[in-house]
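Data first, discussion second: the structure below is written as structure tokens.
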Amino acid sequence: MNMIWTIALTEFRRMFYSPLAWSILAIVQFILAWIFLLGLNEYVTQIQPAMAGRENAPGLSDLVVSALYLWAGVIMLAVMPILTMRLFAEERMNQTLPLLTSAPISISQIVLGKYLGLLLLILLMVSMLTLMPASLSLGTDLDWGKLAAAIFGLFLLLASFAAAGLFLSALTRQPIIAAVSTFGLLLFLMVLYISGNSQGSSSQLFIYLSHFGHFLSFLEGLFDSSDLVYYLLFILGFLLLTIRKLDNERLQR
Amino acid sequence: MESTMLLAAEGLSRYYNEHCAVENLDLHLKKGEVLGLLGPNGAGKSTTMQMLTGNLAPTTGSIQINGIDLLEEPRRAKQHIGYLPEQPPVYRDLTVNEYLDYCAKLHGLRGAGRIQAIHLARERCSLQEVQNRLIANLSKGYKQRVGIAQAILHNPAVVILDEPTVGLDPLQIREIRKLIRELGQEHSVILSTHILPEVQAVCDRVQILNRGRTVFNDSLTGVESLEKIFFELVYQEDPALADLEAEKME
């Protein structure tokens, strides 16, 4: 466990030694802030007056906060491949992987360490994002349960993106190829959701397989343990595949 | 005798699909010995070194490091190995100190022991002047030295260096050779190279590989011309090439 932490913290720190993590955090935060303001403005000027006096009207948490987290999930679909591409592909390209594989640590520790390092960045990103809806609590009553479900759902979604990206990064020595294939896979899973919902050929199986369907129920404030299990299986599956892939490299080429 | 044997590899073979890179290789290393691994390109030197450091599993054979089986207990055995691959595995975005600190942590060094180990490795590889500089900004020779520092940091019993002097200027080559000789006093060193004079300068014993097999394995005392032996052994199967080399030597 100690070794996993050592690797994770070094990976996390190294992301901030290049402008990559800084610029990604800044740009994502800027775009999401814009979306947040737009939503908030629309709510205050248009929706709130129209909803006044109605019973069971959707509130701020339903309209602004959920939309913000949905957007965050969509944007990270494009951003996560850039974060995951370097994990193993860059080490391959620079031929630095022998440092880790010759050290007295196991492949699982290497993979978990790298994954944990990325999770720390995701955690940072989600908490920066959460500052925006949390600031609303100064002026209004938020549905904290709903917010917590959205935060947890976004974290799981991003963690599943990261696990898929980690695996694809272990397959290649070109970071760009890792990024493109990760983006393709994540986009495909989203398309799967769209095609599962399309009229005429809707399919429950497709919706179940896509990670977006599970994310949406979190955004509605629904904490279903089957969604949690889906994400955990998804993450575990890709982590095991990564470990197997790197182990195989030692055995056979 | 057995107690001073730090590395014993027996019957190592490695196949890449059908192609045989290393065949039935025995390699032994005593304490305080510098072994030169020689051979033409593609002879299996790098494959052998990758197997000895646990980066590549041999198809057959066994490897004992300091009495610990590398294949059975890789993590315990790897504690006793320091490895410098052909390309020094350095992170360009870290400073020398940060990098060495990370390597020390990876080898399980903690607290005061870690600081002392880093200090010692830095001193031995003459890295004090550049300790706070980014590795990306260092010259090739310094990167190579950082790589060597990483390999000797945890005071391993066996140090394995894959072509440590490639691409260095003559002055740096001399310094690295001096360092390797120093290392040979406390550690055991395996060194692979193409450069024959280098072997004669630093090695106690030489093992020549050709097409994955050992063709020569002896100490260098009494050897008049390593070059002659090398060409005889390596090119005997190819007379045309041997003639060409003989002409060159004259």
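Values computed for the structure shown
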read-out: Long-range HN-HN contacts of B:Phe216 with modeled amide H, under 5 Å; value: B:Ile208
read-out: Alpha-carbon centroid distance for the pair the range A:225-253 / the range A:102-149, whole angstrom; value: 21 Å
read-out: Positive-end residue, the protein assembly as shown charge dipole about Cα centroid, Cβ charges, pick of A:Ala170, A:Gln48, B:Leu171; value: A:Gln48
read-out: Cα lying deepest toward the dipole's positive end in the protein assembly as shown, options B:Thr221, B:Leu153, A:Met128, charges on Cβ; value: A:Met128
read-out: Relative contact order (percent, whole number), chain A, Cα cutoff 8 Å, 6+ residue spacing; value: 26 percent
read-out: Label point distance in nm, A:Glu55-B:Val166, each placed 7 Å from Cα along Cα→Cβ; value: 8.0 nm
read-out: Within the accessible area of chain A (1.4 Å probe), percent carbon and sulfur; value: 68 percent
read-out: Pairwise centroid distance, computed over Cα atoms, of the range A:1-44 with the range B:107-166, Å; value: 33 Å
read-out: Sites excluded, GluC sites (Glu not before Pro) in DSSP loops with at most 16 other C-beta within 10 Å, longest stretch of chain A; value: A:56-219
read-out: Folded to 0 to 90 degrees: helix B:170-186 orientation relative to chain B principal axis, Cα; value: 80 degrees
read-out: Longest to shortest principal axis, alpha-carbon extents of the protein assembly as shown, angstrom; value: 104, 52, 43
read-out: Calculated from backbone phi, Karplus (6.51, -1.76, 1.60) coupling profile of the range B:48-64 in Hz, x at Gly/Pro; value: 4, 5, 5, 5, 5, 9, x, 8, 9, 7, x, 5, 9, x, 10, 10, 10
read-out: Placed amide H near B:Gly82: partners under 5 Å, 5+ positions off or other chain; value: B:Val158, B:Val159, B:Ile160
read-out: Total charge dipole magnitude, the range A:110-253, about the Cα centre, Cβ charges on Lys, Arg, Asp, Glu only, Debye to nearest 20; value: 740 debye
read-out: At least 20 Å along the helix axis (C-alpha) and Kyte average at least 1.0, DSSP helices within chain A; value: A:19-42, A:66-84, A:107-135, A:144-171, A:175-197
read-out: Threshold 40 Å² - residues in the range A:59-107 whose accessible area is reduced by that much or more when the chain is no longer isolated, probe 1.4 Å; value: A:Gln95, A:Thr96, A:Leu99, A:Thr101, A:Ser102, A:Pro104
read-out: At 0.692 mPa s and 37 °C, Stokes D of chain A from Kirkwood alpha-carbon radius, µm² per second; value: 168 µm²/s
read-out: Electrostatic dipole magnitude of the protein assembly as shown [Cβ: Lys, Arg +1; Asp, Glu -1; Cα centre; debye, to 20]; value: 900 debye
read-out: Restricting the range B:80-137 to trypsin sites (Lys or Arg not before Pro) in coil, as DSSP defines it, with at most 14 other Cβ within 10 Å; value: B:Arg110, B:Arg133
read-out: Which of A:Ser137, A:Gln109, A:Leu157, positive extreme of dipole for the range A:30-162 (C-beta unit charges); value: A:Gln109
read-out: Beta bridges by DSSP in the protein assembly as shown, antiparallel share as percent, to the nearest 5; value: 55 percent
read-out: Per residue, in Å², the accessible surface of chain B once ligands and nucleic acids are set aside, probe 1.4 Å; value: 45 Å²
read-out: Derived scalar couplings ³J(HN,Hα) [the range B:28-38; Karplus, 6.51 cos²θ - 1.76 cosθ + 1.60; whole Hz; x for Gly, Pro]; value: 10, 9, 8, 4, x, 10, 10, 9, x, 9, 10
read-out: Size of electric dipole in the range B:172-216: Cβ of Lys, Arg +1 and of Asp, Glu -1, about Cα centre, debye, nearest 20; value: 220 debye
read-out: Distance in nm between pseudo-label sites at A:Ala134 and B:Val223 (7 Å out along the Cβ direction from Cα); value: 6.7 nm
read-out: Amide N of the range B:173-201 lying under 16 Å from the label point, which is placed 7 angstrom from the Cα of B:Glu129 along Cα→Cβ; value: B:173-176
read-out: Overall dimensions of the range B:1-96 by Cα: Rg and Dmax, Å; value: 14.3, 45
read-out: Cα shape, the range B:1-55, gyration tensor, a/c 1.5 rule; value: prolate
read-out: Under 26 Å from B:Lys143, Cα to Cα: lysines that are on another chain or at least 8 residues apart; value: A:Lys114, B:Lys45, B:Lys78, B:Lys105, B:Lys178
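The values are calculated or read from the model by the stated rules, or taken from the named source; none is laboratory data. This one's a predicted model, so the numbers in the text were calculated from it and none came from an experiment. All Cβ positions, glycine included, derive from the backbone under ideal geometry; neighbour counts span all protein chains shown. For accessibility, only protein heavy atoms count, side chains too; no ligands or nucleic acids. Shrake-Rupley method; radii C 1.70, N 1.55, O 1.52, S 1.80 Å.
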